[in-house]
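Everything below concerns the one structure shown next.
The values are calculated or read from the model by the stated rules, or taken from the named source; none is laboratory data. Everything numeric in this text was worked out from a predicted model, so none of it was measured. Ideal geometry is used to build each Cβ from the backbone, glycine not excepted, and the neighbour counts take in all protein chains shown.
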Amino acid sequence: MSASGQKARQKIRYMNSGMAMLFLAFLVPSASEPSIRTPRATCKKSQLFEAQSVVFWSTPSRVPGFFYQSGMAIDADGAFRAYHPNDKLGLDSLDHAGHRGNWWALVTEDGKTSGRPVLQKKSDPAPGYYVSTTALYDPGNSNPRDPRRYVDAAKIPYVVLHPNALKHARLGDFATVVNLQNGKISAALVADESAPDLPVGEGSIALAKALRIDSNPRSGGKDGAVAYLIYPGSGNGRPRPLQEIVANSKRLFMAWGGLDKLNACLADE
């Protein structure tokens, strides 16, 4: 959802095959790998803040990072086919983009949430669908009606942060997300902001697919057992290609301490 979003939800197109192979080859371990291994590392951590009963922890490291554990709701924002005037045709329910007089996740004709939503044209990726936004966008693209200006939830693995978390990190920073039940690990980008009263824990369609979580924005998601590690100050405030997200997140995860350290930090929660 966009930074001004107030999505009343807790709900819990994949990347093209070439990009997906690159993505998985870097960061996803084998399915037989246990989700939590006996920690070989130690973890010193301190509470950063708490939001919606989820504790955010910071750890001393040469690579700054904070982490938290929660479930995952699925965000379709930024996907070209996220929302449609005919609700059944959208990847997600139109209710999650707003309503007449308050469209918090769509581009409108006058730029105000009270305006009329903009429909994609024939030259756009999904004609007839609404232009869906993310809080992170390409400042080099000056056309707010261009769907390509925003981060595509169907192709880019991204996380949605609570507003308090964005006091310690910023949009465009890199992240690592782990499905603690099956051991799957994914690189991610911080690309959206949640409403402060929503449960913590949300990721894009592409992120859920990489973690082998049901990625349907209408019915999917996961309750608990997902760990999010955010690297404050690691980004440049802009969207990134998938290759850059993978390469930077892998480098930062290893420098922070990797899976052994994360397991050690989670073991005493």
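Of note:
- Answer residue from the range 245-266, given it is surrounded by 15 or more Cβ atoms within 10 Å (Cβ to Cβ), farther than 30 Å from R149 by Cβ and of a type in the set (A, V, I, L, M, F, W, C) and is farthest from the chain's Cα centre (by Cα) among those: A264
- Cβ separations smaller than 8 Å between residues 6+ apart or across chains give the following pairs from the range 150-173 residues that are more than 16 Å from A73 (Cα to Cα) to residues that are in a helix (DSSP H, G or I) and modelled with pLDDT under 95: K155/M19.
- Residue list for the range 63-103, filter: under 15 Å from L161 (Cβ atoms), assigned to a loop (DSSP other than H, G, I, E, B) and of a type in the set (D, E, K, R): D77
- Considering only residues in the range 95-119 that are in contact with a strand residue (DSSP E or B) (Cβ under 6 Å, 6 or more places away or on another chain) and β-branched (V, I, T), the one that is modelled with the highest pLDDT turns out to be T108.
- Failed item in (1) closer than 16 Å to H168 by Cβ; (2) in contact with a helix residue (DSSP H, G or I) (Cβ under 9 Å, 6 or more places away or on another chain); (3) outside any strand (DSSP E or B), with P60 passing the rest: (2)
- T133 hydroxyl-bearing (S, T, Y), within 30 Å of F49 (Cβ to Cβ) and buried (at least 17 other Cβ atoms within 10 Å of the Cβ): yes
- Candidates are the residues of the range 167-211 that are of a type in the set (D, E, K, R) and under 14 Å from the mean Cα position of the chain (by Cα); the one that is nearest to L136 (Cα to Cα) is D192.
- Selection of the range 212-244 for residues being over 12 Å from the mean Cα position of the chain (by Cα), of a type in the set (A, V, I, L, M) and under 30 Å from P60 (Cβ atoms) yields A225, V226, A227.
- Selected residue (criterion: surrounded by the fewest Cβ atoms within 10 Å (Cβ to Cβ)) from residues of the range 109-130 that are out of contact with any Ser or Thr (no Cβ under 7 Å at 6 or more places or on another chain) and in a strand (DSSP E or B): L119
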